[in-house]
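Report on one structure; see the data block that follows.
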Amino acid sequence: MEALVSRQFNSQVMEYFLKVFGLEKKTRKLGDFENYVYEVIRGSEPFILRITHCSHRAISEVEAELDWIEYLAEHGIHVCRPYSSLNGRLMEVKTAANGTEFYGCLFRKAPGRRIESPDLPLNEKMIHSWGKTIGAMHKLSKSYHLKEQEGYRKQWHQDDLLEVEAHIPASESITISHARQLVEMLYRFPKTKDNYGLIHNDIHSGNFHYDGEKIHIFDFDDSCYLWYVSDIAIPVYYSLQFSPLEKTSRKRNTFAKAFLAIFIEGYQKENELPDQWREQLKWMLMLRDVTLYSVLHKKIAPQERNQKIGQIMSEVKNRIEQKQPIIDCFT
């Protein structure tokens, strides 16, 4: 978390949200990368408390996210629904000492367990369910209009992480130039009802639990309007990026082909694939490199980067400069 935000997040802010949501004082911190996330207890049941600073999301964006989650849940998608505060609100607001705001939301804790990495041999049943669920979400997105007309959730190009000059050091001129070229090229991509809509945009294995039959999705914080293929690219991308799998081109391509065959089979049970999805997959993988590289610069100061983070950043930077995606098996 950025220093300016962390200085405002004090015990008074935390105590307010615990009180207004009727939570016990004992908490377990789960993360603080883009939001403060805690496992909490209400009435002996575990929940997830997420606290978002206004510098990260506008209040209207959070409201739209909650609406999208509710819409998906009402149509049979296994998502972690928001729960109301003691005041009957799905979101509560606390003003910090400097006048900025924090937004608190309480979510159901996902059943099942987290899948650390779907390495070889592949968990075919889980990957099939993963693809099937995303296919069903995309099908629903095509008919989602509740808040769409108000433009609450951002279009992909409005992501501040794509303002790469603000986050990547000016000395990395080639990286910045190639990132800008990619974004400008994507502006020209066609948008249709069948290939573009509101998506989760971050369904890697860390953002769902698996109960042996179904996946239960959470963390819709990055949801935006983007090509549907991005929700296919991201599972592949992070399964490779954070896997202990040997990082050779051959090994990665072998894994990706096997993974996609199962994932796509599940996806097609619920939704038709967009035209030219394989070509688009390449560009979505490259776009994820740009956003990951940008967010690591934004959120982690150089002196706080460990060896693993440094290695990841070096690999991503090299791919951006070489204009190469993380895999090259697109036939």
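Quick notes
- When region 262-276 is filtered for residues that are open to solvent by 10 Å² or more (accessible area, probe 1.4 Å) and modelled with pLDDT of 95 or more, the ones remaining, listed by number, are ILE262, ILE264, GLU265, GLN268, LYS269, GLU270, ASN271, GLU272, LEU273.
- Verdict on ILE69 being at pLDDT 95 or above and of a type outside the set (S, T, N, Q): yes
- In region 287-299, the condition of being closer than 30 Å to SER55 by Cα, open to solvent by 60 Å² or more (accessible area, probe 1.4 Å) and without any contact (Cβ under 8 Å) to a residue 60 or more places away in the chain is met by no residue.
- Only one of the numbered conditions (1) in contact with a helix residue (DSSP H, G or I) (Cβ under 7 Å, 6 or more places away or on another chain); (2) outside any strand (DSSP E or B); (3) surrounded by fewer than 22 Cβ atoms within 10 Å (Cβ to Cβ) is not met by VAL236, and that is (3).
- Filter result for VAL79 (surrounded by 20 or more Cβ atoms within 10 Å (Cβ to Cβ) and within 17 Å of the chain's Cα centre (by Cα)): yes
- Residues that are of a type in the set (S, T, N, Q) and either open to solvent by 90 Å² or more (accessible area, probe 1.4 Å) or free of Cβ contacts under 8 Å to residues at least 24 places away in the same chain (or both) within region 7-30 comprise SER11, GLN12, THR27, listed in sequence order.
- ILE199 being within 21 Å of LEU285 (Cα to Cα) and within 15 Å of the chain's Cα centre (by Cα): yes
The values are calculated or read from the model by the stated rules, or taken from the named source; none is laboratory data. Small disclaimer: the values here were computed from a predicted structure and weren't measured. Heads up, the Cβs are rebuilt from the backbone with ideal geometry, glycines too, and the neighbour counts pull from every protein chain shown. The protein model used for the area step is the full one, side chains on, heavy atoms only, and it has no ligands, DNA or RNA in it. Shrake-Rupley method; radii C 1.70, N 1.55, O 1.52, S 1.80 Å.
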